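Novice: Below is a structure I'd like to ask you about.
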Amino acid sequence: MYSFIIVLIILTAILLILVVLTQKSKGGVSSQFGGGSVQMVGVKKTSDLLERITWGLAITMMILAASTTFFVDKSGQEDRIKSVSEQKAKETNLGNTKTQQQQQQQGNTQLQNNTQKENKAEEKK
């Protein structure tokens, strides 16, 4: 369903581009430089129709884009890594915790060795 909506969005975008390109200019910069146009009787109705089609396609595209959020698979999103940056950050955190655990184990081993040496030294006295 998600792919179908994406295809509809693409088709709507292409139609929107074509409709916008077929519309006549309503003035703007081109009319200031002598490019003013004369409208005939039937052209006004055509431009109204094209404007309605443009608005309809634009609204359709917004609705389709908003509806894609309902079809995205949201299960397991906590475990899913969203970007490469998050992946590296997660690996770095895991790497740091492993390194910290190793350092703690080494520190504990050294502490035990020192304690054993002290005990042996006291026994010899």
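Computed from the coordinates by the stated procedures, all read-outs in this text should not be read as laboratory data. All values derive from a computational prediction rather than experimental measurement. Neighbour counts are summed over all protein chains in view; Cβ atoms, including those assigned to glycine, are modelled from backbone coordinates with ideal geometry.
Novice: What are the ³J(HN,Hα) couplings of the range 60-69, residue after residue, when phi is run through the Karplus curve with 6.51, -1.76, 1.60 and θ = phi - 60°? Round to Hz, x for glycine and proline.
Specialist: 4, 5, 5, 5, 5, 5, 5, 6, 5, 5
Novice: Still on this structure, please answer the following. Report the label-to-label distance for LYS120 and GLN106 in nanometres (one decimal), using points 7 Å from each Cα along the Cα→Cβ vector.
Specialist: According to this spin-label approximation, the distance is 2.2 nm.
Novice: Between GLU91 and SER3, what length in nm is gained on full extension when 0.36 nm per residue of separation is reduced by their alpha carbon distance?
Specialist: Here the answer is 28.5 nm.
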